[in-house]
1. With contacts defined as alpha carbon pairs under 8 Å and 6 or more residues apart, what's the relative contact order of segment 20-81 in percent?
2. Using a cut-off of under 20 Å, list every residue of segment 38-69 whose amide N is near the label point 7 Å from the Cα of E143 along the Cα-to-beta-carbon line.
3. Tell me which GluC sites (Glu not before Pro) from segment 50-111 have a DSSP coil assignment and no more than 15 other beta carbons within 10 Å of their own.
4. Please build a GNM for the chain, connecting alpha carbons under 10 Å apart, and tell me which residue among C109, C72, C194 fluctuates the most.
5. Taking amide H positions as placed 1.01 Å from N in the peptide plane, with prolines and chain starts having none, which residues 5 or more places from N127, or on another chain, fall under 5 Å of its amide H?
6. Take the cross-link list K84/K129; K80/K129; K60/K209 and give me the ones stretching past 23 Å between alpha-carbons.
7. Using only the alpha-carbon atoms, how far is helix 73-84 inclined from the longest principal axis of the chain? Give it as 0 to 90 degrees, nearest 10.
8. Run the dipole for segment 40-92 about the Cα centre, Lys and Arg Cβ at +1, Asp and Glu Cβ at -1, nothing else charged, and hand back the magnitude in debye, nearest 20.
Amino acid sequence: MSIDPEILRQLRETADKNRAKAIVKDARKAPIVYVPAGTTHLRFYMDSENNVLRTLRRHKVRNNSVPCLDDCPVCNHLSKMEKKYPDFQGSWKLRSREITIVYAWIFSCSEDSKFVKIGTPVLLMGNYKLGRELNDQIADIDEEDFAKMLDPLSEHALWELKSGKDSRDFSLAPTLKTGTMDRLPEILYPLSQCILPEGEQPNEEEISKFIQLIDVAYEMYLRSVA
């Protein structure tokens, strides 16, 4: 195959320019780590607004996700499609789900993954079970122990988080192991400003794209039953 030398030259120039560009990272964002499968030992932080966790809802299909707020246009569209085609069994995958985010420090993890960051503050993201389990533990802990739990420099029991690959098996419990962690950098966004900042409206283009995904899913369903 013969390629125009001018095209090759332009490609090389573009590659050289791109590698010279500085990769700018937002210093106010911690690495996002999804709850790993297996057993994880960790501790939790309190953010700059004195919150330990935050729950929110979002619609997600593969790599496409949009937040779900009051009077959600995605929910409204999906509701109309479900009423119009009640026999479609795949609609549940398009509905919004609750997620939980929390700042954490991971000491160890049985899952060998490059996406799991150990020994540094991370934004841990899980489903509603993470929030439920953590709230249950916080509600039952005594005040003195709770204060130590939130003090990163205090030697405190590590939490053992167990999660099955399908997230059906999920548990959180204190262990006999203890450890300290670095302070949460003050520069990090509070949880209220992570994923979907409170008070910020969703991107209309992303919402429109997700509604199109719903239409495509129903079109494929209608073709399959035609």
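1. Value for segment 20-81: 13 percent.
2. Backbone N within reach: 46, 50-52.
3. When the GluC sites (Glu not before Pro) of segment 50-111 are filtered for loop state and at most 15 Cβ neighbours within 10 Å, E111 remain.
4. Among C109, C72, C194, the largest mean-square fluctuation in the Gaussian network model of the chain belongs to C72.
5. T100
6. Among K84/K129; K80/K129; K60/K209, the Cα-Cα distance tops 23 Å for K84/K129; K80/K129.
7. With rounding to tens, the tilt is 60 degrees.
8. Dipole about the Cα centre, nearest 20: 220 debye.
A short reminder: the numbers here are calculations on the coordinates, not readings from a lab. Keep in mind that what you see is a predicted model, and the values were worked out from it rather than measured. We place every Cβ from the backbone using ideal geometry, glycine too, and count neighbours over all the protein chains shown.
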